[in-house]
Amino acid sequence: MSTPTPETAQAPARKLEIGRVGESARRVDAIPKVAGEFAYASDLFAAEMLWGHTVRSPHAHALIRAIDTSKALGMPGVHAVLTHEDVPGAKRYGLEFQDQPVLAFERVRYYGEPVAIVAAEHPEQARRAAEAVHVEYEELDPITDPATAPDREAIHPEAWTQGHGYRDDPRPNVVRSIVIRHGDPDAQGDVSVEGTYELGIQDQAFLGPESGLAVPDGEGGVDIYVATQWLHVDRDQVAPCLGLTPNRVRIHLAGVGGAFGGREDLSMQIHGAMLALHTNRPVKFVYNREESFVGHIHRHPARIWMEHRGNRDGKLVAVHAKILLDGGAYASSSTAVTSNAASFACGPYAVPNAHIEAECMYTNNPPCGAMRGFGSVQSCFAHEAQMDKLADALGIGRIDFRERNALGPGDVLPTGQIVTGSFPVADVIKRCAEIPIPEPEELPRDPIRLPGGAGNTTRGEGVRRGVGFAVGFKNICYSEGFDDFCAARVRLFADADGELVAEVYSAAAEVGQGVVNVMAQVARTELDIENVVVAPHSTDAVASAGSSSASRQTWMTAGAVQLACQEVRSELARRGGKLELGDEIDAERVYRHARTFPLDPDTGQVVGGDKAHVAFACSAMRVVAEVDVELGLTRVVWIGTAQDVGRAINPQAVYGQIEGGTAQGLGLALMEEIQTKDGLITNASFTDYLIPTALDMPPVVSELVEDPEPDAPYGAKGVGEPPTVVSTAAIVAALRAGTGRDLTRVPVRPDEIVGL
Amino acid sequence: MKIDLTVNGEKRDADVWAGESLLYTLREQLGLPGSKNACEQGECGSCSVLLDGKLVCACLVLAAQADGHEVVTVEGLGEEGELHRVQEAFAETGAVQCGFCTPGLIVATVALLEEKPDPTDDEVREALSGNLCRCTGYAKIFDAVRTAAAAGAETSAGAETDAGAGGEAAENGASY
Amino acid sequence: MDYAPRVDVLTPHSLEEALALKAEHPDAVPIQGGTDLMVELNFDRARPETILNLNEVAELRGWTRENGTLRLCSGLTYAEAMEPELAGLLPALAEASRTVGSPQIRMRGTIGGNLGTASPAGDALPPLLVEDAEVELANAGGTRTLPVSEFLVGPKKSALADDELIVAVRVMPSKARQTFMKVGPRNAMVIAVCSLALSADREREELRAAFGSAGPVPALVTASLSDAEAFPEQVAAASSPIDDVRGTAAYRRHALKVLTARALERVLT
């Protein structure tokens, strides 16, 4: 049986205009997307397709005593009901540690954990059958406070994350703990300020629900069309669980409706493949919104204590920090998030002495992992509040204080790494501070131009204005010795008219950020030809591009495509600069950035080499906000930002990333929180998990600071995360200015502004 | 149960489960997956369609309620292989990133410009307040609406609008 | 295709037919705008055996005026309630309608649906209470009228009998200065954390306020005009809010006080 290609509507042929590097070229996928013809993972269709559905745990922590699928199997339209007993290969998978069951066995560790899967002819039949799967649970007391987790029984007695070169911490439920000791942490300053800060659980809330189509190839293998962030790592987790060699599992990128870190972990890939292989039919999964909230990892909630010491000459002396992250039930990428939170806890400032402790715990709360910002968001919220406090205590202007302490090339980071390459923190601060702030608006105004919006709650009564400023940074690309590489393949041939056409093969996941344009623009620039086509992305056409995360994909993919194009150009030159119809040049190359080295497990200092992180990018942001201090409602009026981008490969796309990243930080500041009670999520819907609407976002004026990164292709750095890292801190700073309140927790609730 | 309806100008029929939404019917039965299923509870607008000319969430319309009525989806906005000016504008201004919200926003914008060909910025924001976008932060979406409005003014007979005014998408963010 | 449990849709084309069907199928769930019921269906929370689709019943659309009394048919949408003529007669209802959901929701959601769901957070309910509106209920045998305050019995519970449909809302506009305010954690598309409709009726010398999302049902509080200063405290004291995912009881009480004070300033000056 041949592999049926999923049907997608054909986009009418239109000439594509692909720009070169540096141009705001229109997206290559814009036309299909605006025409409604772009095939997202949830739009796929195959003949004889069945619908998959997941049976999930209603408990945060429970033993599984028995699973009875007999009733479900007998229901109309049902073709399969599978449990852990049907997993053909490895029972567990995971991004960094294989601690997560494909389907739960012995116990469930979080609310919504998958326990069984159903395939039926119609989704309604699948839902009814899922309801009929009877699981006998024995409820256990869930661990819901990460601070108490080390005193409780281990959720994972196997202690999967111990060893691996991390700090030795044998306490139960520790995912990772890290200590960074830099200089002399006991050094005193003239002034010291302290604070404790808290962040709730944020969700990526990408609009495209988890979905995919698994198609059996009739020879025991499977093709999986899925919305994901890393095709090859998906494949390498799926294949062992199916008991297959990697070449028998092919992952194809289906249209992705946003990711923001939430698709780094597997969702339906193994489940769909299992059902497809079992029934010998294509199987499609589409999660609904409620299930989506439960079905992926979230941003780590955090409790952070910090102490900042400074001298009256305006210089920072020392920073102390204790960071506690709640990792939830499974490890995901928590070990790296923990390291990031610690490594960037001091902010983009020269801090001569520091003692930073960060730990992440297993609990029975919703599992946490990657979300845009990846640990730096949490630290930035804390360190920027601290910088304001210390500046005020020293009697120095808040922006001035930051400029005076800004990191620059030659400075030493708390990890012992010396800043090299591009890192224009002082310039970014200055450029942001120079953007003129709008004047206050006059009254009367339409309600939608006041806090409370269409709710009509004020005509100006109680409204105060506040301005806040913050700076944040994080690493670009992977760190601590991870072998971070990216492959790209370029195939050059002549068409019937003798025109050269280049096909770019890359497994880089286009998730909305525009990497699909980056590869096309780079190819056009390097090959100097008009006709560039980006081929569908799959694991069988080219080697791994690495993850679309860590703001790395533009850099890495540009580098890989550039290398492949250089090889193609050389070969073309060798052939006299021309190709005949039927000739082709096909080159695949792998790009790597400079090597990084691990952090010492006990001191957090980089060992074995000079860099734990490849490069850094920073962003400064000023926010004007209005607050109705009697009702605690907020309107963010205006945002001005300067961001260190290295080089804008597609300026329009870069502005888009800044604006979108800022919106996500605004959400965390004002309205976004996954609420839990005893480990159960209580607001798994867009009714009560609120993300910013068109009436919540202010205009964002952005300055691009282009200080080329010497080792990066075209000097380009990543741009996706820095705006999200800094925006929450900047917005809350504006609220503090407008209300006079400390506001140490996000999302800020009206109660806190009012003072209840 | 069988329903008959007009979709994008064409007479269609479908055999539906009584409890299914118009959105499901469009996507899974009628081969029109352009309208999206981001929330299925009327909180995101990604399923926006025109029902008898009115902007609604297709996820909140029972398929049976569409029997005998007219539906226009994003796939039906263009004419003879040409994109609608709103679609063109979204493609030009960088208003599309992942694009999942795009069909719903385009339909909502078409509905807005039908009623108000030259909306103020506040009218635009309120009209689109039922459409969530997670990628763009909305700025370039507003640029797209302004661009489409200006393009509409240019092509409507007797319009005296200056062709460039209001249609230029400010790359680094507009103040409004 | 075999679906179990079975769901059927009946679509009457007249009110008479609709009432006859409701008499025959007392458990039938009516659907008009679908903004509540469809969520229940889509999220697999309800599987009614029979759904009664009222979209084709012309008698339930629009509104009329007879001798000064307005008759808002139950199928009147929020978008229609915002149109200038009706907005001029019932300003608080129009303001409330502007805060409901989204433009898409306002195009379909109906006053009748809001009454039928009888949620403590229903946005149309406080303005109707303040205007002393009455609900017109019909069954195959005839009609009866109830004040809205008596129609709303408890959270998501109304006085609607199994064989009845909500047909219209009758209201004699007070012409009093009135306003509606709704507190939510973002600037659009929110379920009220709390809401308030308030009017100052100079003819009757009466202050009338009704709150939403601050008690099991939206409830009416009245005082004489001369007691305006104490009214914010009175309204807050009359409420019985709870803590839930959207807000705390303490905040709701506080917010009601603030809203009432501001509303008084709007309607009295």
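The values are calculated or read from the model by the stated rules, or taken from the named source; none is laboratory data. Computed from a predicted model, the values in this text were never measured in an experiment. Backbone-built Cβ (ideal geometry, glycine too); neighbour counts: all protein chains shown. Quick note on the areas: whole protein, heavy atoms, side chains included, nothing else; ligands and nucleic acids left out. Shrake-Rupley method; radii C 1.70, N 1.55, O 1.52, S 1.80 Å.
Look at (1) in the same structural domain as residue A:737 (by TED's automatic domain parsing); (2) under 20 Å from the mean Cα position of the chain (by Cα) and you find that residue A:404 fails only one, number (2).
For segment C:21-45, a tally of residues being over 22 Å from the mean Cα position of the chain (by Cα) and at the interface with chain B (Cβ under 10 Å from one of its Cβ atoms) returns 3. Just so you know, in segment A:500-547 the residues that are part of a strand (DSSP E or B) and either in contact with a helix residue (DSSP H, G or I) (Cβ under 6 Å, 6 or more places away or on another chain) or charged (D, E, K, R) (or both) include one that is surrounded by the fewest Cβ atoms within 10 Å (Cβ to Cβ), and it is A:503. Every condition in (1) within 14 Å of chain B (Cβ to nearest Cβ); (2) open to solvent by 20 Å² or more (accessible area, probe 1.4 Å); (3) not in a loop (DSSP other than H, G, I, E, B) is met by residue C:59 except one, and the failing one is (1).
Scanning segment C:1-35 for residues that are more than 23 Å from residue A:131 (Cα to Cα) and assigned to a loop (DSSP other than H, G, I, E, B) turns up C:11, C:12, C:13, C:14, C:25, C:26, C:27, C:28, C:32, C:33, C:34, C:35. For segment A:590-604, a residue qualifies if it is touching a Gly at 6+ places or on another chain (Cβ under 9 Å) and of a type outside the set (A, V, I, L, M, F, W, C), and the qualifying residues are A:591, A:592, A:593, A:595, A:596, A:598, A:600, A:601, A:603, A:604. Residue check: residue B:50 meets all listed conditions (1) on the phi > 0 side of the Ramachandran plot; (2) open to solvent by 10 Å² or more (accessible area, probe 1.4 Å) but one, namely (1).
Return a yes/no flag: does segment A:340-347 have any residue that is in a helix (DSSP H, G or I), farther than 21 Å from residue A:184 by Cβ and either touching a residue at least 24 places away in the same chain (Cβ under 8 Å) or out of contact with any Leu (no Cβ under 9 Å at 6 or more places or on another chain) (or both). Within segment A:340-347 (the criterion being in a helix (DSSP H, G or I), farther than 21 Å from residue A:184 by Cβ and either touching a residue at least 24 places away in the same chain (Cβ under 8 Å) or out of contact with any Leu (no Cβ under 9 Å at 6 or more places or on another chain) (or both)), the answer is yes, since at least one residue qualifies. In the set (1) in contact with a strand residue (DSSP E or B) (Cβ under 8 Å, 6 or more places away or on another chain); (2) within 22 Å of residue A:468 (Cα to Cα), residue A:392 fails one condition alone, (1).
When you go through B:66, B:111 one by one, which is the residue that is more than 8 Å from chain A (Cβ to nearest Cβ), closer than 23 Å to residue C:106 by Cα and open to solvent by 10 Å² or more (accessible area, probe 1.4 Å)?
So the residue among B:66, B:111 that is more than 8 Å from chain A (Cβ to nearest Cβ), closer than 23 Å to residue C:106 by Cα and open to solvent by 10 Å² or more (accessible area, probe 1.4 Å) is B:111.
Within the set B:13, B:4, the sole residue that is at negative phi, among the acidic types (Asp, Glu) and touching a residue at least 60 places away in the same chain (Cβ under 8 Å) turns out to be B:4. Among what's in segment B:8-23 and is under 18 Å from the mean Cα position of the chain (by Cα) and in a loop (DSSP other than H, G, I, E, B), pick the residue that is surrounded by the most Cβ atoms within 10 Å (Cβ to Cβ). Looking at the filtered set, the residue picked out is B:8. Please tell me if residue A:389 is in contact with a Ser or Thr (Cβ under 6 Å, 6 or more places away or on another chain), in contact (Cβ under 8 Å) with a residue 24 or more places away in the chain and not in a loop (DSSP other than H, G, I, E, B). Spelling it out, it is not the case that residue A:389 is in contact with a Ser or Thr (Cβ under 6 Å, 6 or more places away or on another chain), in contact (Cβ under 8 Å) with a residue 24 or more places away in the chain and not in a loop (DSSP other than H, G, I, E, B). Checking each residue of segment A:283-298 against the condition of being in a loop (DSSP other than H, G, I, E, B), within 14 Å of another protein chain (Cβ to nearest Cβ), open to solvent by less than 10 Å² (accessible area, probe 1.4 Å) and touching an Asp or Glu at 6+ places or on another chain (Cβ under 7 Å) gives at least one match. Check whether at least one residue in segment C:64-77 is in a helix (DSSP H, G or I) and open to solvent by less than 20 Å² (accessible area, probe 1.4 Å), and report yes or no. Checked segment C:64-77: no residue is in a helix (DSSP H, G or I) and open to solvent by less than 20 Å² (accessible area, probe 1.4 Å). Could you pull out the residue among A:120, A:126, A:130, A:154 that is out of contact with any Phe, Trp or Tyr (no Cβ under 7 Å at 6 or more places or on another chain), on the phi < 0 side of the Ramachandran plot and not assigned by TED's automatic domain parsing to the domain that holds residue A:314? Within the list A:120, A:126, A:130, A:154, the selection yields A:130.
Return yes when residue A:493 is in contact (Cβ under 8 Å) with a residue 24 or more places away in the chain, in contact with a Leu (Cβ under 8 Å, 6 or more places away or on another chain) and aromatic (Phe, Trp, Tyr) and no when it is not. In short, yes. Of the residues making up segment A:625-641, those that are open to solvent by less than 10 Å² (accessible area, probe 1.4 Å) and within 11 Å of chain B (Cβ to nearest Cβ) are A:639, A:640, A:641.
For segment A:405-432, the candidate set comprises residues that are in a helix (DSSP H, G or I) and open to solvent by 30 Å² or more (accessible area, probe 1.4 Å); within that set, the residue that is farthest from the other protein chains (Cβ to nearest Cβ) is A:426.
Among the residues of segment A:133-149, is there at least one that is surrounded by 23 or more Cβ atoms within 10 Å (Cβ to Cβ), in a helix (DSSP H, G or I) and in contact with a Leu (Cβ under 7 Å, 6 or more places away or on another chain)? Yes; the residues of segment A:133-149 include at least one that is surrounded by 23 or more Cβ atoms within 10 Å (Cβ to Cβ), in a helix (DSSP H, G or I) and in contact with a Leu (Cβ under 7 Å, 6 or more places away or on another chain). Scanning segment B:114-132 for residues that are under 23 Å from residue C:100 (Cα atoms) and more than 13 Å from chain C (Cβ to nearest Cβ) yields B:120, B:121. Residue B:92 satisfies every condition listed in (1) part of a loop (DSSP other than H, G, I, E, B); (2) within 7 Å of another protein chain (Cβ to nearest Cβ); (3) open to solvent by 10 Å² or more (accessible area, probe 1.4 Å); (4) not polar (S, T, N, Q) except (1). Scanning segment C:258-269 for residues that are more than 9 Å from every other protein chain (Cβ to nearest Cβ) and not small (Gly, Ala, Ser) returns C:260, C:264, C:267, C:268, C:269. Restricting segment A:345-390 to residues that are over 28 Å from residue A:678 (Cβ atoms) and hydroxyl-bearing (Ser, Thr, Tyr), which is surrounded by the most Cβ atoms within 10 Å (Cβ to Cβ)? Going through the qualifying residues, I end up with A:379. Based on what the data block shows, is residue A:603 more than 25 Å from the chain's Cα centre (by Cα) and away from chain B (no Cβ under 14 Å)? For residue A:603, the condition - more than 25 Å from the chain's Cα centre (by Cα) and away from chain B (no Cβ under 14 Å) - is met.
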